[in-house]
Amino acid sequence: MRQAIESADLGYWSIDPRTLRVEANRRTQQLFGLPPDGEVDLHFATQAIYSEDRERVVAAINRALTDPTASAYDIEYRVMQHGVGLRFVRATGKSYFDAVGRCTRFSGIIQDVSEQKTAETALRASEQRFQAAVQAVQGIVWTNDATGQMVGEQPGWSALTGQRYEEYQGFGWSSAVHPDDVAPTVAAWGEAVHQRRKFVFEHRVRRKDGTYGVFSIQAIPVFSADGRISEWVGVHTDISERRAAEEALNEARARQEETLALLESMLQYAPIGFAFFDRQYRYLRINETLAAINGVPVETHIGRTVHEVLTDRAPHIYQIIDEVFTTGKPVPKLELSGETPLQPGVQRWWHTGFYPVINERTRVVESVGIVVMEITDLKQAETALRLSEEQMRLQADFMPQIVWATDGRGYHDFYNKRWYEYTGLSYDITRGEGWAGVLHPDDAARTWQVWKHCLETGDYYEVEYRMRRYDGVYRWLLARATPIRNEEGEIVRWFGTCTDIHDQKTFAETLEHLVAERTAALQRSNEDLQQFAHVASHDLKEPVRKIATFESRISGEFGELLPPRAKGYLEKIRNASRRMYAMIDGVLRYSSVNEGEQKGFEQVSLDSIVMQIRSDLEVLIDEKHAVIECGPLPEIYGSPTLLHQLLYNILNNALKFVEPQQPPRITLNAGSVVLDGKPFVHLRVADNGIGFDPAQARQIFKTFTRLNPKDHYEGTGLGLSLCEKIVNRHGGRIYAEGQRGAGAVFHIYLPEATPLSD
C-alpha cells in the first residue's frame, strides 16, 4: 500500500500522540525539508510551514489530537522550501480516540497543490483582466438598434467571425453562434430588449478560422433624453482560456478527491492485511483485514508492541523485524501458522512478507512493513491433494494391472509397482518416452502412431501390442488411457493401464475353433429336437385321439346303462385326454417359435390381429358375457403368426382365469416409450380376474408352471412361457403385475419398426 502512495506522488505522515514524534515518507520529507534519518518531533516538522500559516496549522493539529469531535483533518497552507520558495500543500488525515477519549493514532496524506493554486491565481487574474477589459471597452464592440437588431458597419464582429456586412445585419449574426446556443441566445436577448435591462450572457461563437470559442457578452441600453432606448452597445470578450482553466482545476480537484478516497479505501479494506512497525516493534499503522485476523480492533494495535497483541508469535516476528532493520533487505515468502482469537483451536496458515520502508535520501530503514495473506484453504487443499495422491499410489500398487500416468504432453511421470515387477526396469530408464524401448519392434511404429493421434485429438487411447517381460519374453498387452481436462477443456493428465491379454490372445484361435464345432453341434441338436418335437407330437396325438374317440363311443352307446360312478370316471378320462391334447399342441407351438418358416418378419397390424382373435374366441366371449375394450393399436415389424399366438394366449388367459359367475372385463391399449435409446410400443393388457401373488410375477412365465389347481382352471402351463419366448424372439420385454383376487396387468414392450437379424 505504501508503494501505491509513493506511485501517486503523495506524502505520508503519522504523529504519535504520546511522544509527538512525526513519521514521514520520502515525499513528505522533500516537501518539508526534513532529514532522511528517521523520525523528528512535531515542533521541528512545523518549522518549514510559512510563518503566516504556522499558527493556524499548529492549532488545527492540537485540535485533532485533543478533540474527538474534530477528528477529521483537512487544511491547506504554504511550506518554505530551503528558505527560498513557497509551495502550497493540502494535508488530510484522521485521528482515532479510545473509549476514554485519548487519542491513539493521528495519520494522513499530504499533497503538493501548488499547480492548482497557480491555476486558481491565473483564473482570478483572468477574471480581473476581463473586468478591466469590459470597463475599458476592450474586446469586440458592437451596436444594435433600439429593437435589438444589428445594423450598420460592425468591423469588430466582422473581424471576429468573418461575416460580411449583409450576413450579420438584423439577426444574421446568429448564424455565427453555435447551433446549440442560438435559441437560448435569441430568447435571452429578446427578453433583455423587452425588459430594457442590461444583457449578460455566455455562448459559443464560430471564429473566422472555423473554431468555436466561449465568449462573455455584456450589453447595455443607451437612453435618449426622453427616456427611450436609442441603441444597444455591447462587447464580446473571449473567455475560452478562463473556461479551460476552470475545467482543468475542477478536474484536478475531482481526481485528487477520488485518489484520496480510493487510497484510503484500499488501505483500510484491502483483502491483503498489512501493518507497519517501528524499531520497538510497535504498530504504527494496520488495516482492517490484518486487525480482523489478529482479532483486535485497529485502534487497539496502534502504539502497542507485537508481544502485547500476539503473545504466541511475537519472538519469531521480532527476529524477522530485527533482520530487516539490520540488513535493509526484505524477507518475503514466509509461512506462519497458528490460531486466531476469534477461532481458538483452529489451525490457520498465512503467507507473509516483511519489507523495509527506506528513506530515499539517507537509505535508512524508517520502519518495517508486513504483508499478510491467508492461505488456509490452499494449505488444506494441498494436504487433501497429497493424501489423495498417496492413496491413489497405494491403490495403484495393489492392482494386478500396470498403471501409468503422463502430463498433458504425454510425458510419462508415474508407474505403479506392477510396471517395475513386469519389466524389471527402473523409473529413470522408462520415464518420458523410455517405455517404447520394451515394445516389440513389429508393434512400436503402430503403437506410436496411435498414441500421437490421441495426444493431438484427445481421443480415448486403446491399442494392443507385445511388450518384453523381465525374462525377455514378449507378451501381448491391452493398453488403455483416458485424458483428464481442466475447466477450460485443456488436457492436463493422461491416466492409463496395461493388461496382460497374452493367454486370451493365444487362446483365441482354439476358442474360435471350439465355438465353431459347438455351434455346428448345437445346430444339429436343434434340428434333431425340432424333428423330434414334430414326430413326438404327431405320435402322441394319435393315442390321445383314440382315447377321446373310444370315450365318446362308450358315452354315446352305453351312457344310459352306466352307473353314476362310471359316468364320473368317463368324464375324468374325457378331461384328461383334452388336457393331454392341449399340452402336446402347446409343446409343438413352443418348440416351433424358432423354426425357419416363422422367421419372416413384416409390417403387422395389431388391430387386425385383435380382430381375428375376437372372432376365434367369439363363443367363449359370449358364454362368459365378457367385455373387451381395445384402443387404437399401431403397426409393428414382426411375425404375424407369433404375434397372433402372443395376444391370443394373453386374452385367452384373461377370459379363463376369472371367478365363476363374474363377467370378464379386459382392457387393451398401446403407447410409445423409449428404452435404451430405441422406440418401443408398450401394450398394456389389464383384466379383472383372479390375479396372482406379486411374489410369483416371474414364476408364471416358467414352462409348465401352474398357480391354480388344474381341475378348477384349464391350462397346460405353457401359454405364458410361450408368450415370453415370442416377445424375446422380437427383441422385446414382458412382465406382469397382480394382486390375489384383484386382477392382473401384463406389460408387453415390442420394437416399433426395427427388423431383427436372424
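Some points to look at:
- Selected residue (criterion: farthest from E462 (Cα to Cα)) from residues of the range 502-520 that are among the hydroxyl-bearing types (S, T, Y) and loosely packed, with under 11 Cβ neighbours inside 10 Å: T519
- There is at least one residue in the range 321-328 that is modelled with pLDDT of 85 or more and in a loop (DSSP other than H, G, I, E, B).
- Failed criterion for E288 (all others in (1) at pLDDT 85 or above; (2) within 35 Å of the chain's Cα centre (by Cα) hold): (1)
- Among the residues of the range 449-476, those that are of a type in the set (A, V, I, L, M, F, W, C) and either closer than 18 Å to D500 by Cβ or modelled with pLDDT under 90 (or both) comprise V463, M467, V473, W476.
- Contacts under 6 angstrom Cβ, first residue in the range 300-313 being farther than 19 Å from R279 by Cβ and of a type outside the set (V, I, T), partner at pLDDT below 75 and in a helix (DSSP H, G or I), 6 or more apart: none
- Any hit, the range 661-683, residues being assigned to a strand (DSSP E or B), among the charged types (D, E, K, R), modelled with pLDDT of 85 or more and out of contact with any Ser or Thr (no Cβ under 6 Å at 6 or more places or on another chain): yes
- Taking the criterion of being of a type in the set (G, A, S) and either surrounded by fewer than 17 Cβ atoms within 10 Å (Cβ to Cβ) or not in a strand (DSSP E or B) (or both), the residues of the range 632-656 that qualify are S639, A654.
- On the stretch given as the range 459-474, residues that are surrounded by 17 or more Cβ atoms within 10 Å (Cβ to Cβ) and in a strand (DSSP E or B) total 7.
- Residue that is surrounded by 17 or more Cβ atoms within 10 Å (Cβ to Cβ) and part of a strand (DSSP E or B), where the choices are T406, T499: T406
- Extreme residue, modelled with the lowest pLDDT, among residues of the range 302-319 that are aliphatic (A, V, I, L, M) and more than 42 Å from the chain's Cα centre (by Cα): A314
- Selection within the range 252-285 - modelled with pLDDT of 85 or more, of a type outside the set (S, T, N, Q) and surrounded by fewer than 16 Cβ atoms within 10 Å (Cβ to Cβ): R279
- Residues (free of Cβ contacts under 8 Å to residues at least 12 places away in the same chain and more than 34 Å from the chain's Cα centre (by Cα)) located in the range 472-489: G472, V473
- Residue match in the range 73-92 (condition: touching a residue at least 12 places away in the same chain (Cβ under 8 Å) and within 18 Å of H301 (Cβ to Cβ)): no
- Looking at I609, I690, I621, I628, just one residue is at pLDDT 85 or above, closer than 19 Å to P751 by Cβ and surrounded by 13 or more Cβ atoms within 10 Å (Cβ to Cβ), and that residue is I609.
- Which numbered condition A59 misses (of (1) among the hydrophobic types (A, V, I, L, M, F, W, C); (2) assigned to a helix (DSSP H, G or I); (3) touching a Ser or Thr at 6+ places or on another chain (Cβ under 8 Å)): (3)
The values are calculated or read from the model by the stated rules, or taken from the named source; none is laboratory data. Only a predicted model underlies this, so the values are computations on that prediction, with no experimental measurement involved. In this analysis, Cβ positions are derived from the backbone assuming ideal geometry, glycine residues included, and neighbour counts consider all displayed protein chains.
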